[in-house]
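Below is one structure, written out as C-alpha coordinates; the observations come after it.
The values are calculated or read from the model by the stated rules, or taken from the named source; none is laboratory data. Remember, it's a predicted structure, so these values are computed and weren't measured experimentally. Here Cβ is always computed from backbone atoms with ideal geometry, including for glycine, and neighbour counts include all displayed protein chains.
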Amino acid sequence: MKIYKSKKDNKRDPNLMVPIIFDDIFKRVFGSEENADITAYLVSLLLKIPYEKVNGNIVFKSTKQDNYRVNDKLAKKDIVFIVNIDEPLKLNLEMNRTLSLSKSIIDRNTYYEANLFGSGLRQENEYRDLKMTIQYNFNLDFVDHVEEPLIDEYLFRNERGNILTEKTKIVHINILKMRELWYNGKYKTFTGISPSLFAMASLLIENEKKEFQEMVDVVPIKDDIKEKIERIVTDMNFDDELIEKYYDLDLEREKMLKATYEEIYEELYKKSYEKLKKETEEKARQQVQKQVQKEVKKEKEKTILTMFNNGLAIDLIAKYTATNKKEIARIIKENK
(Lines give C-alpha, C1' and ligand atoms only; values in the text may rest on other atoms or scores of the structure.)
Protein backbone atom coordinates (compact mmCIF):
# COMPACT_ATOMS: atom_id res chain seq x y z
CA MET A 1 0.00 0.00 0.00
CA LYS A 2 0.94 3.61 -0.54
CA ILE A 3 -0.63 6.80 0.66
CA TYR A 4 -1.82 9.93 -1.10
CA LYS A 5 0.60 12.83 -1.21
CA SER A 6 -0.28 15.76 0.99
CA LYS A 7 -2.42 18.54 -0.39
CA LYS A 8 0.57 20.90 -0.20
CA ASP A 9 2.32 18.88 -2.92
CA ASN A 10 -0.64 19.53 -5.21
CA LYS A 11 0.08 16.18 -6.86
CA ARG A 12 -2.06 13.12 -7.15
CA ASP A 13 -0.57 9.70 -7.80
CA PRO A 14 -2.59 8.26 -10.71
CA ASN A 15 -1.95 4.75 -9.41
CA LEU A 16 -3.76 5.42 -6.15
CA MET A 17 -7.44 5.53 -5.23
CA VAL A 18 -9.61 6.40 -2.26
CA PRO A 19 -10.16 3.08 -0.45
CA ILE A 20 -13.47 1.67 0.75
CA ILE A 21 -12.52 2.38 4.38
CA PHE A 22 -13.13 6.07 3.67
CA ASP A 23 -16.50 6.85 5.29
CA ASP A 24 -18.25 8.14 2.17
CA ILE A 25 -17.44 5.05 0.09
CA PHE A 26 -18.00 2.68 3.01
CA LYS A 27 -21.50 4.11 3.47
CA ARG A 28 -22.30 3.86 -0.25
CA VAL A 29 -21.11 0.25 -0.51
CA PHE A 30 -22.64 -1.14 2.68
CA GLY A 31 -25.25 1.39 3.80
CA SER A 32 -27.77 1.88 1.02
CA GLU A 33 -30.94 0.11 -0.05
CA GLU A 34 -29.76 -0.17 -3.64
CA ASN A 35 -26.72 -2.16 -2.51
CA ALA A 36 -28.45 -4.22 0.17
CA ASP A 37 -27.20 -7.42 -1.45
CA ILE A 38 -23.59 -6.35 -0.73
CA THR A 39 -24.50 -5.68 2.89
CA ALA A 40 -26.29 -9.03 3.02
CA TYR A 41 -23.15 -10.80 1.83
CA LEU A 42 -21.00 -9.11 4.47
CA VAL A 43 -23.58 -9.93 7.15
CA SER A 44 -23.63 -13.57 6.07
CA LEU A 45 -19.86 -13.71 6.58
CA LEU A 46 -20.03 -11.96 9.97
CA LEU A 47 -22.92 -14.03 11.33
CA LYS A 48 -21.81 -17.26 9.61
CA ILE A 49 -25.19 -17.91 8.06
CA PRO A 50 -26.13 -18.54 4.39
CA TYR A 51 -26.26 -15.48 2.13
CA GLU A 52 -29.62 -16.61 0.77
CA LYS A 53 -31.08 -16.41 4.27
CA VAL A 54 -29.99 -12.78 4.69
CA ASN A 55 -30.50 -11.36 1.21
CA GLY A 56 -33.84 -9.58 0.91
CA ASN A 57 -34.26 -9.42 4.68
CA ILE A 58 -32.34 -6.23 5.46
CA VAL A 59 -34.13 -2.99 6.37
CA PHE A 60 -31.94 0.11 6.72
CA LYS A 61 -32.70 2.64 9.43
CA SER A 62 -31.93 6.37 9.31
CA THR A 63 -29.92 7.40 12.37
CA LYS A 64 -31.07 10.97 11.73
CA GLN A 65 -34.47 9.93 13.05
CA ASP A 66 -33.06 8.70 16.35
CA ASN A 67 -33.28 11.41 19.01
CA TYR A 68 -30.04 10.42 20.68
CA ARG A 69 -28.10 11.00 17.44
CA VAL A 70 -29.97 13.93 15.91
CA ASN A 71 -27.26 16.45 16.80
CA ASP A 72 -24.36 14.11 16.12
CA LYS A 73 -22.35 15.17 13.07
CA LEU A 74 -21.29 11.53 12.54
CA ALA A 75 -24.85 10.20 12.49
CA LYS A 76 -25.08 10.44 8.73
CA LYS A 77 -22.01 8.22 8.48
CA ASP A 78 -23.54 5.38 10.49
CA ILE A 79 -24.81 2.18 8.93
CA VAL A 80 -27.68 0.81 11.00
CA PHE A 81 -30.11 -1.85 9.80
CA ILE A 82 -32.42 -4.62 10.90
CA VAL A 83 -31.83 -8.19 9.72
CA ASN A 84 -35.14 -10.07 9.76
CA ILE A 85 -34.11 -13.69 10.13
CA ASP A 86 -35.23 -16.22 12.80
CA GLU A 87 -34.93 -13.48 15.43
CA PRO A 88 -34.70 -9.86 14.22
CA LEU A 89 -31.23 -8.38 14.76
CA LYS A 90 -30.21 -4.74 14.87
CA LEU A 91 -26.73 -4.26 13.40
CA ASN A 92 -24.40 -1.25 13.29
CA LEU A 93 -21.29 -1.13 11.08
CA GLU A 94 -18.54 1.25 12.17
CA MET A 95 -15.23 2.02 10.45
CA ASN A 96 -12.37 3.22 12.70
CA ARG A 97 -9.66 4.61 10.41
CA THR A 98 -6.88 4.99 12.95
CA LEU A 99 -3.74 2.96 13.59
CA SER A 100 -4.11 3.28 17.34
CA LEU A 101 -7.48 2.78 19.03
CA SER A 102 -7.51 5.37 21.77
CA LYS A 103 -9.71 4.98 24.84
CA SER A 104 -11.92 7.81 23.60
CA ILE A 105 -12.72 5.91 20.38
CA ILE A 106 -13.58 2.73 22.29
CA ASP A 107 -15.69 4.71 24.78
CA ARG A 108 -17.48 6.45 21.91
CA ASN A 109 -18.36 3.13 20.27
CA THR A 110 -19.59 1.74 23.59
CA TYR A 111 -21.79 4.80 24.06
CA TYR A 112 -23.24 4.45 20.55
CA GLU A 113 -23.95 0.74 21.07
CA ALA A 114 -25.70 1.32 24.41
CA ASN A 115 -27.91 4.01 22.89
CA LEU A 116 -28.61 1.97 19.78
CA PHE A 117 -29.68 -0.99 21.93
CA GLY A 118 -32.39 1.05 23.63
CA SER A 119 -33.38 3.30 20.73
CA GLY A 120 -36.94 3.13 19.47
CA LEU A 121 -38.53 2.37 22.84
CA ARG A 122 -41.70 4.34 23.54
CA GLN A 123 -43.46 2.39 26.27
CA GLU A 124 -42.30 0.40 29.27
CA ASN A 125 -43.90 -2.79 28.00
CA GLU A 126 -41.62 -2.64 24.96
CA TYR A 127 -38.49 -3.42 26.98
CA ARG A 128 -39.12 -7.13 26.62
CA ASP A 129 -39.10 -6.63 22.86
CA LEU A 130 -35.57 -5.19 22.68
CA LYS A 131 -33.81 -6.59 19.63
CA MET A 132 -30.44 -8.32 19.77
CA THR A 133 -28.03 -5.48 18.89
CA ILE A 134 -24.52 -5.95 17.52
CA GLN A 135 -22.00 -3.29 16.61
CA TYR A 136 -19.24 -4.42 14.24
CA ASN A 137 -16.14 -2.22 14.38
CA PHE A 138 -13.71 -2.56 11.49
CA ASN A 139 -10.37 -1.47 12.95
CA LEU A 140 -6.76 -1.01 11.87
CA ASP A 141 -5.55 -2.04 15.32
CA PHE A 142 -6.13 -4.56 18.12
CA VAL A 143 -8.26 -3.70 21.13
CA ASP A 144 -6.69 -6.47 23.22
CA HIS A 145 -2.95 -6.12 22.64
CA VAL A 146 -2.17 -9.15 24.83
CA GLU A 147 -4.08 -11.90 23.05
CA GLU A 148 -4.40 -9.97 19.76
CA PRO A 149 -7.54 -11.78 18.48
CA LEU A 150 -8.54 -10.96 14.90
CA ILE A 151 -12.22 -10.93 15.88
CA ASP A 152 -12.90 -9.96 19.49
CA GLU A 153 -16.42 -10.00 21.01
CA TYR A 154 -17.32 -7.92 24.07
CA LEU A 155 -20.37 -8.37 26.32
CA PHE A 156 -21.39 -6.49 29.46
CA ARG A 157 -20.00 -8.50 32.41
CA ASN A 158 -19.17 -7.99 36.08
CA GLU A 159 -15.75 -8.56 37.64
CA ARG A 160 -16.54 -12.26 38.20
CA GLY A 161 -17.25 -12.73 34.52
CA ASN A 162 -21.02 -13.09 34.85
CA ILE A 163 -22.87 -11.82 31.78
CA LEU A 164 -25.40 -9.05 32.42
CA THR A 165 -27.16 -9.46 29.07
CA GLU A 166 -26.50 -11.37 25.87
CA LYS A 167 -28.79 -9.13 23.81
CA THR A 168 -26.10 -6.57 23.01
CA LYS A 169 -22.43 -6.89 22.12
CA ILE A 170 -19.59 -5.13 20.36
CA VAL A 171 -17.37 -7.01 17.92
CA HIS A 172 -13.94 -5.59 17.04
CA ILE A 173 -12.33 -6.84 13.81
CA ASN A 174 -8.71 -6.05 12.92
CA ILE A 175 -8.98 -5.78 9.14
CA LEU A 176 -5.38 -4.54 8.76
CA LYS A 177 -4.01 -7.78 10.26
CA MET A 178 -6.53 -9.82 8.25
CA ARG A 179 -5.26 -8.16 5.07
CA GLU A 180 -1.69 -9.08 5.97
CA LEU A 181 -2.69 -12.70 6.60
CA TRP A 182 -4.62 -12.83 3.33
CA TYR A 183 -1.63 -11.71 1.28
CA ASN A 184 0.89 -14.04 2.95
CA GLY A 185 -1.50 -17.00 2.80
CA LYS A 186 -1.53 -17.59 6.57
CA TYR A 187 -5.27 -16.92 6.74
CA LYS A 188 -5.77 -20.62 5.99
CA THR A 189 -4.76 -21.50 9.55
CA PHE A 190 -7.82 -19.63 10.90
CA THR A 191 -10.43 -22.32 10.33
CA GLY A 192 -13.14 -20.44 12.23
CA ILE A 193 -13.08 -17.42 9.91
CA SER A 194 -14.29 -17.53 6.31
CA PRO A 195 -11.56 -16.90 3.68
CA SER A 196 -14.04 -14.54 2.05
CA LEU A 197 -13.99 -12.33 5.16
CA PHE A 198 -10.19 -12.08 4.88
CA ALA A 199 -10.59 -11.13 1.23
CA MET A 200 -13.26 -8.56 2.07
CA ALA A 201 -10.96 -7.02 4.69
CA SER A 202 -8.26 -6.70 2.02
CA LEU A 203 -10.66 -5.00 -0.38
CA LEU A 204 -11.68 -2.48 2.29
CA ILE A 205 -8.13 -1.24 2.79
CA GLU A 206 -6.61 -1.48 -0.69
CA ASN A 207 -5.82 1.93 -2.20
CA GLU A 208 -3.67 0.95 -5.18
CA LYS A 209 -5.73 0.68 -8.35
CA LYS A 210 -3.84 -2.24 -9.85
CA GLU A 211 -3.87 -4.24 -6.63
CA PHE A 212 -7.56 -3.50 -6.17
CA GLN A 213 -8.42 -4.77 -9.66
CA GLU A 214 -6.37 -7.92 -9.13
CA MET A 215 -7.98 -8.48 -5.74
CA VAL A 216 -11.48 -8.13 -7.19
CA ASP A 217 -10.63 -10.80 -9.77
CA VAL A 218 -9.44 -13.40 -7.26
CA VAL A 219 -11.54 -12.89 -4.12
CA PRO A 220 -13.76 -15.91 -3.38
CA ILE A 221 -17.02 -13.97 -3.24
CA LYS A 222 -20.05 -13.96 -5.53
CA ASP A 223 -19.31 -12.49 -8.98
CA ASP A 224 -22.29 -10.12 -9.00
CA ILE A 225 -21.30 -8.80 -5.56
CA LYS A 226 -17.68 -8.08 -6.40
CA GLU A 227 -18.62 -6.57 -9.78
CA LYS A 228 -20.98 -4.18 -8.03
CA ILE A 229 -18.33 -3.25 -5.43
CA GLU A 230 -15.81 -2.61 -8.20
CA ARG A 231 -18.25 -0.39 -10.11
CA ILE A 232 -19.19 1.69 -7.04
CA VAL A 233 -15.58 2.25 -5.95
CA THR A 234 -14.42 3.07 -9.49
CA ASP A 235 -17.25 5.53 -10.09
CA MET A 236 -16.74 7.31 -6.76
CA ASN A 237 -13.03 7.68 -7.47
CA PHE A 238 -13.91 9.97 -10.37
CA ASP A 239 -15.42 12.43 -7.88
CA ASP A 240 -12.80 15.17 -7.40
CA GLU A 241 -14.68 16.65 -4.46
CA LEU A 242 -14.63 13.33 -2.62
CA ILE A 243 -10.91 12.87 -3.32
CA GLU A 244 -10.07 16.35 -2.01
CA LYS A 245 -12.14 15.60 1.07
CA TYR A 246 -10.12 12.43 1.56
CA TYR A 247 -6.89 14.42 1.33
CA ASP A 248 -8.06 16.84 4.00
CA LEU A 249 -9.10 14.09 6.40
CA ASP A 250 -5.91 12.16 5.72
CA LEU A 251 -3.81 15.17 6.72
CA GLU A 252 -5.76 15.39 9.97
CA ARG A 253 -5.19 11.70 10.51
CA GLU A 254 -1.44 12.16 10.00
CA LYS A 255 -1.34 14.85 12.69
CA MET A 256 -3.24 12.57 15.05
CA LEU A 257 -0.87 9.68 14.31
CA LYS A 258 2.15 11.77 15.17
CA ALA A 259 0.73 12.73 18.56
CA THR A 260 -0.43 9.16 19.23
CA TYR A 261 2.92 7.53 18.50
CA GLU A 262 4.81 10.06 20.59
CA GLU A 263 2.52 9.14 23.49
CA ILE A 264 3.05 5.42 22.85
CA TYR A 265 6.84 5.77 22.85
CA GLU A 266 6.80 7.69 26.10
CA GLU A 267 4.54 5.17 27.82
CA LEU A 268 6.47 2.20 26.41
CA TYR A 269 9.81 3.55 27.63
CA LYS A 270 8.39 4.22 31.08
CA LYS A 271 6.85 0.76 31.47
CA SER A 272 9.88 -1.08 30.12
CA TYR A 273 12.26 0.81 32.35
CA GLU A 274 10.20 0.29 35.51
CA LYS A 275 9.74 -3.41 34.80
CA LEU A 276 13.43 -4.07 34.25
CA LYS A 277 14.49 -1.81 37.10
CA LYS A 278 12.60 -3.97 39.62
CA GLU A 279 14.21 -7.13 38.27
CA THR A 280 17.77 -5.83 38.27
CA GLU A 281 20.12 -4.81 41.08
CA GLU A 282 21.60 -1.34 41.23
CA LYS A 283 24.98 -2.50 39.95
CA ALA A 284 23.36 -3.66 36.71
CA ARG A 285 21.66 -0.33 35.96
CA GLN A 286 23.70 0.21 32.82
CA GLN A 287 22.64 -3.19 31.49
CA VAL A 288 19.02 -2.34 32.24
CA GLN A 289 19.32 0.82 30.21
CA LYS A 290 20.67 -1.13 27.24
CA GLN A 291 17.87 -3.66 27.49
CA VAL A 292 15.28 -0.91 27.66
CA GLN A 293 16.70 0.71 24.56
CA LYS A 294 16.68 -2.66 22.83
CA GLU A 295 13.01 -3.22 23.67
CA VAL A 296 12.07 0.29 22.61
CA LYS A 297 13.99 -0.18 19.35
CA LYS A 298 12.17 -3.46 18.72
CA GLU A 299 8.77 -1.86 19.31
CA LYS A 300 9.75 1.14 17.24
CA GLU A 301 10.67 -1.12 14.32
CA LYS A 302 7.34 -2.89 14.71
CA THR A 303 5.57 0.47 14.62
CA ILE A 304 7.51 1.53 11.52
CA LEU A 305 6.45 -1.69 9.77
CA THR A 306 2.83 -1.18 10.78
CA MET A 307 2.87 2.38 9.45
CA PHE A 308 4.51 1.22 6.20
CA ASN A 309 2.08 -1.68 5.75
CA ASN A 310 -0.78 0.75 6.27
CA GLY A 311 0.49 2.86 3.41
CA LEU A 312 2.22 5.75 5.19
CA ALA A 313 4.92 7.31 3.00
CA ILE A 314 8.54 6.81 4.11
CA ASP A 315 9.00 10.58 4.40
CA LEU A 316 6.18 10.75 6.94
CA ILE A 317 7.40 7.66 8.81
CA ALA A 318 10.83 9.27 9.12
CA LYS A 319 9.25 12.48 10.38
CA TYR A 320 6.98 10.89 12.99
CA THR A 321 9.44 8.32 14.33
CA ALA A 322 12.60 10.46 14.19
CA THR A 323 14.29 7.78 12.09
CA ASN A 324 16.39 8.41 8.99
CA LYS A 325 15.21 7.01 5.67
CA LYS A 326 18.16 4.64 5.31
CA GLU A 327 17.34 2.98 8.63
CA ILE A 328 13.66 2.72 7.67
CA ALA A 329 14.63 1.11 4.34
CA ARG A 330 16.81 -1.40 6.19
CA ILE A 331 13.99 -2.33 8.58
CA ILE A 332 11.52 -2.78 5.72
CA LYS A 333 13.98 -4.83 3.67
CA GLU A 334 14.84 -7.17 6.56
CA ASN A 335 11.17 -7.77 7.34
CA LYS A 336 9.78 -8.31 3.88
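Take Glu180 and decide whether it is among the charged types (D, E, K, R), assigned to a loop (DSSP other than H, G, I, E, B) and either in contact (Cβ under 8 Å) with a residue 60 or more places away in the chain or within 27 Å of Ser196 (Cα to Cα) (or both).
Details: among the charged types (D, E, K, R): yes; assigned to a loop (DSSP other than H, G, I, E, B): no; either in contact (Cβ under 8 Å) with a residue 60 or more places away in the chain or within 27 Å of Ser196 (Cα to Cα) (or both): yes.
Against the criterion (among the charged types (D, E, K, R), assigned to a loop (DSSP other than H, G, I, E, B) and either in contact (Cβ under 8 Å) with a residue 60 or more places away in the chain or within 27 Å of Ser196 (Cα to Cα) (or both)), Glu180 does not qualify.
As an exercise: evaluate Thr191 against (1) within 18 Å of the chain's Cα centre (by Cα); (2) free of Cβ contacts under 8 Å to residues at least 12 places away in the same chain and give the number of the one condition it does not meet.
Condition (1) is where Thr191 drops out.
Going residue by residue through segment 91-104, is there one that turns out to be surrounded by 13 or more Cβ atoms within 10 Å (Cβ to Cβ), in contact with a Pro (Cβ under 7 Å, 6 or more places away or on another chain) and modelled with pLDDT of 75 or more? Give the steps one after another, and end with the answer.
Applying the first criterion (surrounded by 13 or more Cβ atoms within 10 Å (Cβ to Cβ)) to segment 91-104 yields 91-102.
Next, only the ones that are in contact with a Pro (Cβ under 7 Å, 6 or more places away or on another chain) stay: none.
The answer is no, given that none of the residues of segment 91-104 is surrounded by 13 or more Cβ atoms within 10 Å (Cβ to Cβ), in contact with a Pro (Cβ under 7 Å, 6 or more places away or on another chain) and modelled with pLDDT of 75 or more.
Does Ile229 satisfy the condition of being in contact with a Leu (Cβ under 6 Å, 6 or more places away or on another chain) and closer than 20 Å to Asn35 by Cβ? So that I can check it myself, show each step before the final result.
On the way: in contact with a Leu (Cβ under 6 Å, 6 or more places away or on another chain): no; closer than 20 Å to Asn35 by Cβ: yes.
When the stated conditions are applied, Ile229 does not pass them.
Which of the residues belonging to segment 89-107 are under 13 Å from His172 (Cβ atoms) and free of Cβ contacts under 8 Å to residues at least 12 places away in the same chain?
Hit for segment 89-107 is Ile105, nothing else.
Out of the residues in segment 27-84 that are small (Gly, Ala, Ser) and surrounded by 15 or more Cβ atoms within 10 Å (Cβ to Cβ), state the one that is modelled with the lowest pLDDT.
Filtering segment 27-84 down to residues small (Gly, Ala, Ser) leaves 31-32, 36, 40, 44, 56, 62, 75.
Applying the additional criterion that residues be surrounded by 15 or more Cβ atoms within 10 Å (Cβ to Cβ) yields 31, 36, 40, 44, 75.
Working: Gly31: 91, Ala36: 93, Ala40: 94, Ser44: 94, Ala75: 43.
Going through the qualifying residues, I end up with Ala75.
In segment 214-239, which residues are under 17 Å from Asn15 (Cβ atoms) and either in a loop (DSSP other than H, G, I, E, B) or at pLDDT below 90 (or both)?
Selection gives Glu214, Met215, Val216, Asn237, Phe238.
Might you check whether a residue that is touching a Lys or Arg at 6+ places or on another chain (Cβ under 6 Å) and either surrounded by 15 or more Cβ atoms within 10 Å (Cβ to Cβ) or not in a loop (DSSP other than H, G, I, E, B) (or both) occurs anywhere in segment 301-312?
Initially, segment 301-312 is screened for residues touching a Lys or Arg at 6+ places or on another chain (Cβ under 6 Å), giving 311.
Now drop any that are not either surrounded by 15 or more Cβ atoms within 10 Å (Cβ to Cβ) or not in a loop (DSSP other than H, G, I, E, B) (or both), which leaves 311.
Within segment 301-312 (the criterion being touching a Lys or Arg at 6+ places or on another chain (Cβ under 6 Å) and either surrounded by 15 or more Cβ atoms within 10 Å (Cβ to Cβ) or not in a loop (DSSP other than H, G, I, E, B) (or both)), the answer is yes, since at least one residue qualifies.
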